[in-house]
Amino acid sequence: MGYVAHYGYADGSGEYYISIDTGKCDGCGKCVEVCPQQIFEVILDDYDESVVAVADNHRKKLRYSCTGCKPVQNRLPLPCLEACARDALGHSW
């Protein structure tokens, strides 16, 4: 059981959301470990299961928080996506 949680915002320049499929996320925390901006945290969901969420202090500034890993040119695979063996994370931009 699970749902897809969307964290982020939309403004005049675009939509900036990180999606986490809680049915796939097992709360391993590997994305937390590799994120240089410490965007993610492990929390207990409504079913007392450990899942990853975007920290409150980053939800309204993801475009800027993720800039180091998401340059305009020469993008490499994102560390958080590579770390997630269960393919539970997604970015909208």
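Throughout, read-outs are computed from the coordinates displayed, never taken from laboratory work. Please read these numbers as outputs of a predicted model, since none were measured by experiment. Quick reminder, even Gly has a Cβ in these numbers, built from the backbone with ideal geometry, and neighbours come from all protein chains shown.
Among the cysteines of the chain, C25, C28, C35, C66, C69, C84 have no other cysteine beta carbon within less than 4.7 Å of their own.
What dipole magnitude, in Debye to the nearest 20, does the stretch 4-91 give about its Cα centre under +1 on Lys/Arg Cβ and -1 on Asp/Glu Cβ?
On the way: 9 positive and 13 negative charges, 111 e Å.
Dipole magnitude for the stretch 4-91 comes out near 540 debye.
Projecting the Cα atoms of G14, V51, C35 onto the charge dipole of the chain, computed from C-beta unit charges around the Cα centre, puts G14 farthest toward the positive end.
Among the listed values [x] 18, 15, 13; [y] 24, 15, 11; [z] 21, 15, 11, the one computed from these coordinates for semi-axes √(5λ) of the Cα gyration tensor in Å is [z]. A cut-off under 14 angstrom between Cβ atoms defines the neighbours of C84, and their net charge, with Lys, Arg +1 and Asp, Glu -1, is -2. In this structure, the amide hydrogen of W93, modeled 1.01 Å from its nitrogen in the peptide plane, lies closer than 5 angstrom to those of Y17, counting only residues at least 5 positions away or on a different chain.
Computed from label points 7 Å out along Cα-Cβ, the spacing between A55 and A10 is 2.8 nm.
Between G27 and V52, the built amide H atoms are under 5 Å apart, and every one of these is 5 or more places off in sequence or on another chain. Summed over qualifying helices (DSSP H, 4 residues or more, each -39500 (n - 2.57)) and divided by its residue number, the chain shows a 222 nm mean residue ellipticity of -2500 deg cm²/dmol.
Which order, highest average first, do 34-43, 16-25 follow once you tally other Cβ atoms within 10 Å for each residue and take the mean per peptide? Let's see the in-between values first.
Values: 34-43: 16.7, 16-25: 19.3.
Final packing ranking: 16-25, 34-43.
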